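Undergrad: Quick one: the structure is below, and I'll ask about it shortly.
The values are calculated or read from the model by the stated rules, or taken from the named source; none is laboratory data. Please read these numbers as outputs of a predicted model, since none were measured by experiment. Note: ideal-geometry Cβ built from the backbone for every residue, glycine included; neighbour counts use all protein chains shown. Note: areas computed on protein heavy atoms with side chains; ligands, DNA, RNA excluded. Shrake-Rupley method; radii C 1.70, N 1.55, O 1.52, S 1.80 Å.
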Amino acid sequence: MNIISKLAIAASLATALTSVAIAQDNLNGLTVGFSQIGSESGWRAAETSVTKQQAEERGIDLKFADAQQKQENQIKAIRGFIAQGVDAIMVAPVVATGWDDVLTEAKEAEIPVILLDRGVDAPEDLYLTSVASDQIKEGRVAGQWLVDAVGDADCKVVELQGTVGSTPAINRKQGFEEALAGHDNLTIARSQTGDFTRSKGKEVMEGFIKAENGGADICAVYAHNDDMAVGAIQAIKDAGLKPGTDIKVVSIDAVPDIFAAMVAGEANATVELTPNMAGPAFDALSAYLADGTAPDKFIITESKLYTPADNPQGEYDTRKGLGY
Ligand code: AHR
């Protein structure tokens with residue numbers, strides 16, 4: 001490569017880096033309201049920490065509101081953010097429905113709204129973008145893992161659903177059922193909400209075990225998140241059975257505790273959900289504020305499958321201390 005080409009590449013690299021820096025810089029000093037669902041799971045705690053850290057790195061003044069699992073608290077918080085005249089609003093919507101009015105109010109106040117990790121049943125023009133995983137795919141990946149693990153054997157599955165009416169509960173159920181379709185040896189015998197919490201996951205699993213011959217008839221538990229899986233693992237152990245062996249355990253999130261369970265041979269598979277929804281959200285906001293660039297309506301994060309073959313101890317060590 002001659003010197004002219006080298007200089008041209010260096011110059012274009014410098015221009016690109018400068019425009020990234022300028023774009024990032026335009027968030028410095030802005031105020032962003034964040035209505036978080038609560039702290040129902042390890043994953044949720046990590047998302048909160050990462051969001052605060054991402055805001056700090058960009059010089060954003062983040063107004064944080066914990067809704068304690070209640071949509072009415074989220075709506076109140078969003079109205080408060082609008083009244084304060086924040087520059088943007090982020091919301092992790094606890095359930096899918098009931099957002100039209102408050103999102104319309106934000107739109108009328110010309111405040112861009114970004115959805116984090118869950119979706120809403122509302123017209124798409126009421127929010128700037130939605131940063132989330134493909135939750136149907138997460139269910140499919142978990143289901144496909146089970147289909148492959150079980151082969152031709154008969155397998156009675158019990159399902160721990162997430163919060164009723166939330167998009168991850170609806171979509172993860174759908175994706176899992178899609179993966180099992182056509183495999184008549186696999187049946188979902190029981191399905192109930194555990195509200196994404198460890199304690200309810202344990203309680204509901206205890207009921208499943210009682211109803212299914214002390215757990216002897218259960219081949220696998222599918223939990224819509226790792227926290228419920230960890231609760232179910234405890235219930236299986238309390239019943240004198242071996243989680244991961246007598247009852248297979250597959251779930252979603254990839255939090256440190258599920259990797260610890262894999263190390264102990266008590267969990268079989270998880271699908272990763274990154275807690276860093278805020279990074280892509282702030283990047284989209286930055287580009288939008290810089291020159292009106294409309295981001296993709298749906299920014300989809302990755303859904304990677306992890307099993308005990310994927311160095312669970314290493315995954316645990318890497319993730320522990322990241323805010324989970
Ligand atoms: O919306 C994402 C889900 O919410 C996570 O999988 C779960 O842990 C959390 O409560």
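Undergrad: Pull out the extension gain between residue 174 and residue 25, defined as 0.36 nm times the separation in residues minus the alpha carbon to alpha carbon distance; nm, one decimal.
TA: Numbers: separation 149, 0.36 × 149 = 53.64 nm, distance 4.10 nm.
Net length gain for the segment: 49.5 nm.
Undergrad: In addition: Compute the signed sum of charges (Lys and Arg +1, Asp and Glu -1) over the other residues within less than 10 Å, Cβ to Cβ, of residue 297.
TA: Working: positive: none; negative: 124, 125, 296.
Residues near residue 297 contribute -3 overall.
Undergrad: Mind checking the per residue accessible area of the chain for me, 1.4 Å probe, whole number of Å²?
TA: Heavy-atom SASA per residue in the chain reads 43 Å².
Undergrad: With each label point set 7 Å from Cα along the Cα-Cβ vector, what nm distance links residue 70 and residue 97?
TA: Once both label points are built, they end up 2.1 nm from each other.
Undergrad: Can I ask one more? In nm, give the distance between the simple-model label positions of residue 187 and residue 313, each being 7 Å from the Cα along the Cα-to-Cβ direction.
TA: 4.2 nm
Undergrad: Residue 293 to residue 276: extension gain in nm, 0.36 nm per residue of separation minus the Cα-Cα distance? Don't skip to the end; give the middle numbers.
TA: Working: separation 17, 0.36 × 17 = 6.12 nm, distance 2.18 nm.
Gain on stretching residue 293 to residue 276: 3.9 nm.
Undergrad: With a 1.4 Å probe and every protein chain kept in, tell me what percent of the accessible surface of region 167-324 is carbon plus sulfur. Write out the running numbers ahead of the final one.
TA: Numbers: 3140 of 6490 Å².
Carbon and sulfur: 48 percent of the exposed surface of region 167-324.
Undergrad: Treating each Cα of region 40-105 as an identical point scatterer and ignoring solvent, apply the Debye formula and state log10 I(q)/I(0) at q = 0.19, 0.30 Å⁻¹.
TA: Relative scattering, expressed as log10 I(q)/I(0), comes to -0.83, -1.39.
Undergrad: Given the C-alpha atoms of region 169-324, compute the convex hull and give its volume per residue in Å³.
TA: Working: hull volume 20.8 nm³, N = 156.
Spelled out: Cα convex hull of region 169-324, divided by residues, is 133 Å³.
Undergrad: Where does the chain land on Rg/Rh, using Cα atoms and the Kirkwood Rh? Write down the numbers at each step before the final one.
TA: On the way: Rg = 21.8 Å, Rh = 20.9 Å.
My calculation of the ratio gives 1.04.
Undergrad: Right, here's the next one. Find how much the distance from residue 199 to residue 39 grows on full extension, using 0.36 nm per residue of separation minus their present alpha carbon separation; answer in nm with one decimal. Working shown, then result.
TA: Working: separation 160, 0.36 × 160 = 57.60 nm, distance 1.30 nm.
That works out to 56.3 nm of additional length.
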